[in-house]
Amino acid sequence: MVLSGKHQAARKVFTIVGVTSLPGSFIVNAPFGRFAPQSESLTVNGRLGWVLMELWSPLGFIYAIYHSPLSNKAAKLSMPQMILIGCFLIHYLNRGFISPARAPSRSRMHVFMPLTGLFLNTTNGGLLGSYISSPLAHQYLQPENTFASLQFYIGMFLWAVGFLGNFWADEILTDIRRKGVLRGKEGKISNGTEYYGIPNGFLYRWISFPNYLCEWVEMFGWALAAAPVPRLADVEWLLTPSGIYSMVLTTPPSKFAPTLTPPWIFLLVELCLMIPRAYKGHQWYKQKFGDAFPKERRAVIPYIF
């Protein structure tokens, strides 16, 4: 499939921005949630900010399906394509609307977050919508091939497990905040208007952020079902500074990791943005709760990290 220059450039820029943000995110905290600014200057309501931050991904996704230059307008979307589109929209319906609506409290958010979301999430949604409606995806996701492929079923199983696990983990956090509000904050630590306690049960027995881990499982499953696994040569550049330097400065967009399709780019960027936040959030828990916080608990991968 011949890709447009704009699509190739967006694919490279989005990947590079995500990858190069990894080291800096260990130093600078994203200004929302437990790291929300103490001052209300240049902040917005937490629920509104979250919706504005997440909204652009499904909007970009839907728009690109029907209007991207890559869209295969001559062919009807196949059933596997429709399933994957539905799964993506369900994910963002929960993440962008249901989750903030159910939360009893959310800290104010710096306007930097919705503005960043406008760029990153619109680009991500546009790339994914362009891919899922493209001739490449249409050919790869033909029912006679897809429904006979174990990879598709494994991917869909992982998506479902990750989605349900993410929902369960968020429900435990939401319940802590509900009880904090009902008991007048008694026994809870607050940051702005959002209340925090030590979560327990489910995967919280081993890690501080099972909601992150489950979301990674969910999106890994979606990528596995939606697209071929990238060639090793198209991801090994991530392992060395010289490889990253070469990809950033010397590799033209048309030759940038050709088998690294948008579903896998989304997973990669999500890992780069969320791993530092999980680490910093884990350190925050240990600092705030001290000896009461379980010493055997890790940040986001049981027994390891």
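Observations, loosely collected:
- In summary, the chain shows an alpha-carbon radius of gyration equal to 1.03 times the 2.2 N^0.38 Å reference for compact globular proteins.
- Rounded to whole Hz, the Karplus (6.51, -1.76, 1.60) HN-Hα couplings of region 82-95, x for glycine and proline: 5, 4, 5, 4, x, 5, 5, 5, 5, 4, 7, 4, 6, 5
- For I207, nonlocal amide neighbours, meaning residues 5 or more places apart or on other chains whose placed amide H falls under 5 Å from its own, are R298.
- Most mobile of A257, A292, A30 in a GNM of the chain (Cα contacts under 10 Å): A292
- Spatially, region 213-235 and region 35-100 are offset by 19 Å when compared through their Cα centroids.
- Here region 36-108 is treated as a Stokes sphere of Kirkwood radius computed over C-alpha pairs; at 37 °C and 0.692 mPa s its diffusion coefficient rounds to 227 µm²/s.
- Loop trypsin sites (Lys or Arg not before Pro), region 227-305, which have at most 11 other Cβ atoms in a 10 Å radius of their Cβ (DSSP): K295
- Order by protection proxy (mean Cβ within 10 Å, highest first), peptides 146-154, 239-247, 260-268: 260-268, 146-154, 239-247
- Per the Debye formula on identical point scatterers at the alpha carbon atoms of region 245-305, with no solvent, log10 I(q)/I(0) at q = 0.13, 0.20, 0.22 Å⁻¹ is -0.55, -0.83, -0.91.
- Rg over Rh [alpha-carbon atoms, Kirkwood Rh] for region 1-159: 1.03
- Mean separation of Cα contacts under 8 Å, 6 or more apart, over the residue count of the chain: relative contact order %: 25
- Pairwise Lys count, the chain - Cα closer than 12 Å, eight or more residues apart or different chains: 4
- Our estimate of slack between L89 and F305, defined as 0.36 nm per intervening residue step minus the Cα-Cα distance, is 74.7 nm.
- Inter-probe distance in nm under a simple model that places probes 7 Å from Cα toward Cβ, at T20 and F289: 3.8
Here, each number is a calculation from the coordinates, and none is a lab measurement. Since we're looking at a predicted model, the values are computed, not measured. Note that each Cβ is placed from the backbone with ideal geometry, even for glycine, and that neighbours are counted across all protein chains shown.
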